[in-house]
Amino acid sequence: MVAAGAVTGPARRLLAALLLCSAAGCASAGSPAPDPAAEAARVLDSLHEAAAAADGARYFSLFAPDAVFLGTDATERWTLEEFRAYAEPFFSRGKGWTYRPRDRHVSLSGDRRTAWFDERLDHERYGELRGTGVLRLLDGGWRVAQYNLAFPMPNEKVLEFLERTLGR
């Protein structure tokens with residue numbers, strides 16, 4: 001250990017700055033702490049980019065190992081393995097899907113380790129869709145634990161839809 005009187009001039013200023021930074025818990029000088037909601041949103045952006053690029057490796061790396069994907073059909077409740085088996089033939093042929101987010105809300109749990117979101121998406125053929133789901137902070141990174149893709153329907157169209165599709 002060096003006695004306080006033994007450090008002088010520029011070395012003393014450097015030592016004082018290092019001690020101040022250490023005491024303040026600085027991860028990197030001058031960098032603000034990352035915003036967990038913004039980080040979770042970046043993972044969702046990356047998910048959509050990977051799907052559009054048919055990049056299966058990147059796409060599936062963004063899911064939690066126990067993730068569930070809920071598709072637009074009521075029968076589409078897929079584990080990660082089931083969803084990968086469905087999607088990989090498309091991705092291997094260079095065919096992905098493009099959903100463009102235009103409005104997104106991300107909320108965090110009190111411990112900031114779980115995020116839930118809803119987003120409005122645009123698709124060239126299907127028009128507007130809604131994605132909702134949950135992300136978990138795993139091994140220092142956000143991973144999609146559940147994604148639910150749905151077609152929002154105007155309330156005034158519900159009865160017509162039920163009559164046309166279900167005969168009700």
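The values are calculated or read from the model by the stated rules, or taken from the named source; none is laboratory data. Being a predicted model, the structure only gives us computed values, none of them experimental. Positions of Cβ are generated from backbone atoms using ideal geometry, with glycine treated the same way; all protein chains shown enter the neighbour counts.
I'm trying to understand the selection: among the residues of segment 122-158, which are part of a strand (DSSP E or B), free of Cβ contacts under 8 Å to residues at least 24 places away in the same chain and under 21 Å from Y59 (Cβ atoms)?
Residues satisfying the conditions are D122, R130, T132, G133, V134.
Assuming F90 fulfils every condition listed in (1) exposed (fewer than 13 other Cβ atoms within 10 Å of the Cβ); (2) within 20 Å of A54 (Cβ to Cβ); (3) in contact with a helix residue (DSSP H, G or I) (Cβ under 9 Å, 6 or more places away or on another chain) apart from one, which condition is it?
It fails just one condition, (1).
Among the residues of segment 83-100, write down those that are within 18 Å of R143 (Cα to Cα) and in contact with a strand residue (DSSP E or B) (Cβ under 8 Å, 6 or more places away or on another chain).
F83
Look through segment 103-121, keep the residues that are touching a residue at least 40 places away in the same chain (Cβ under 8 Å) and small (G, A, S), and return whichever of them is nearest to Q146 (Cα to Cα).
A115
Going through segment 99-120 one residue at a time, which ones are within 20 Å of F69 (Cβ to Cβ) and in contact with a helix residue (DSSP H, G or I) (Cβ under 8 Å, 6 or more places away or on another chain)?
Listed by number, the residues that qualify are Y99, R100, P101, R104, V106, A115, F117, E119.
What residue, among those in segment 54-77 that are β-branched (V, I, T) and either crowded, with 18+ Cβ neighbours inside 10 Å or free of Cβ contacts under 8 Å to residues at least 12 places away in the same chain (or both), is farthest from W97 (Cα to Cα)?
Applying the filter and picking the extreme gives T75.
I'm trying to understand the selection: among the residues of segment 116-167, which are of a type in the set (D, E, K, R) and either under 15 Å from H48 (Cα atoms) or modelled with pLDDT of 95 or more (or both)?
Result: D118, E119, R120, D122, E124, R125, E128, R130, R136, R143.
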